[in-house]
Structures are given as structure tokens and as C-alpha cells.
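Chemist: Before I ask anything, here is the structure I am working with.
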């Protein structure tokens, strides 16, 4: 994302911790209260990242932890602005109330947010205009649509290479449908 140093500092009930300390050494046990990105305000997106953003007809955010994987990227000056005006689709990293992988469910719960596709959609707000959510979360589609988003409901769990291809196609198809509107 950047050639400049950006450090994720996790605010916990035991005080601030470097992300690697929180995640690896402490195994995400301290209570999560938020995260800040030291150095982000003065960092610049890398040249390759800037070029990719400028060429992109649409953006797909993979099912990643918004707090520690995607928000650091969005914290860089100009990145959110670069995303405006083009379709942004995200694949929910929460399926059936649980994180697909990692501590996201725990983090959301500790922030007082129900771990759900809707909770992640609310976190991103207007940045994301299209959501791919799992069949098991179909009942959340109307609430996500009420946020002003388009929703594609499908199987989002990737067990095989064919699953990965199908999910990628679903996300890209939604992005192209949004671009055609």
C-alpha cells in the first residue's frame, strides 16, 4: 500500500499494543477497543498502488478484516477519494455471525457491534456500494440495501479453486452491473 512506514496500534483494555504484539504474542486476548495507524497521515500510496487505482474500473474488497487489513489502506491520504466515482464491491468477512478467518468477530463484539454482514456494511458506510453476502445471511440483505447498497447473495465460502473462481465472478458481475447503472 505504501513504501512509507505505517504502524497499526491496537487500543486494548491493557493499553496500546503494536498489532503484531496483539495478534501473535498476545493471541488477540486483550479486549479490542480500536486501532490507529501511526504514520498513515504522512504516508503516500506506493506508485504501483496509485497506478492500479487510477486504472481500475471497479474495486473489489476481499473478505478481510476491515479494522486491521482494509482500514490501514483507507487511512492513506487520497485513497478513499480515489475510490469515489467507481463501483466498490465488498465480500462480507462475516458469515453466519462468525468471521471467516481471524479475530474479526471478537473485535466487533468487543466494540459492541454484532458480528454480521450488516455490521461490516455499516462500518464501511458509503464507501462500499455493493455487497456480496453468504446465503446463510440472506435475511440481512434488506437492511444492507436500506443503507443504499446493492446486494448479491451467494455461497461465499471458498473451499476449492472452483469456489474461489465462482465467488470472484459473482463479485465482478455485481461491480459491472453497478457500473452499468
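Chemist: Would any residue of region 56-71 have its amide N under 17 Å from a label point 7 Å out along Cα→Cβ of residue 21? List them or say none.
Modeler: Under cut-off, by backbone N: nothing.
Chemist: Sticking with this one: Per the helix-only calculation at 222 nm, which mean residue ellipticity applies to the chain, given -39500 (n - 2.57) for every DSSP H run of n ≥ 4 and division by its residues, nearest 500 deg cm²/dmol? Write down the numbers at each step before the final one.
Modeler: Numbers: 7 runs with 58 residues, N = 181.
Rounded to the nearest 500, it is -8500 deg cm²/dmol.
Chemist: Only residues of region 23-53 count here: report those whose backbone N is under 17 Å from the spot 7 Å along Cα→Cβ of residue 14, or say none.
Modeler: Answer for this model: 23-35.
Chemist: Follow-up question, since we're still on this one. Could I have the simple spin-label model distance between residue 160 and residue 31, label points 7 Å from Cα toward Cβ, reported in nm to one decimal?
Modeler: Each label point lies 7 Å from its Cα, and together they span 4.5 nm.
Chemist: Can you tell me the relative contact order of region 46-180? Whole percent, Cα pairs under 8 Å, sequence separation 6 or more.
Modeler: Reported as a whole number, the value is 24 percent.
Chemist: Which of 121, 56, 75 moves most in a GNM of the chain, Cα contacts under 10 Å?
Modeler: Result for the chain, Cα springs under 10 Å: 56 fluctuates most.
Chemist: Semi-axes of the equivalent ellipsoid of region 72-137: what are they in whole Å, largest first, if each equals the square root of 5 times a C-alpha gyration tensor eigenvalue? It would help to have the intermediate numbers written out before the result.
Modeler: Numbers: eigenvalues 101, 43, 17 Å².
The equivalent ellipsoid of region 72-137 has semi-axes of 23, 15, 9 Å.
Chemist: Have a look at the DSSP beta bridges in the chain and tell me what percent are antiparallel, nearest 5.
Modeler: 55 percent
Chemist: Cut-off 10 angstrom, C-alpha nodes, Gaussian network model of the chain. Which of 87, 72, 142 fluctuates the most?
Modeler: Looking only at 87, 72, 142, the largest GNM fluctuation is found for 142.
Chemist: Okay, moving on. Note the full-extension length gain between residue 173 and residue 57 as 0.36 nm times their separation in residues minus their Cα-Cα distance, in nm to one decimal.
Modeler: Full extension of this stretch gives 40.5 nm more.
Chemist: Could you work out the relative contact order of region 2-97? I mean the mean sequence separation of Cα pairs under 8 Å and 6+ apart, divided by the number of residues, in percent.
Modeler: This gives 29 percent for region 2-97.
Chemist: In whole Å, what are the extents of region 11-71 along the principal axes defined by its C-alpha atoms, from largest to smallest?
Modeler: Cα extents, longest axis first: 43, 27, 18 Å.
Chemist: Cα convex hull of the chain: mean projected area in nm², to one decimal?
Modeler: Over every viewing direction, the Cα hull of the chain projects on average to 10.7 nm².
Every number here is computed from the coordinates shown, using simple stated rules; none is lab data. Please read all numbers here as calculations on a predicted model, not as lab measurements. Every residue, glycine as well, gets a Cβ built from its backbone with ideal geometry; the counts of neighbours run over all protein chains shown.
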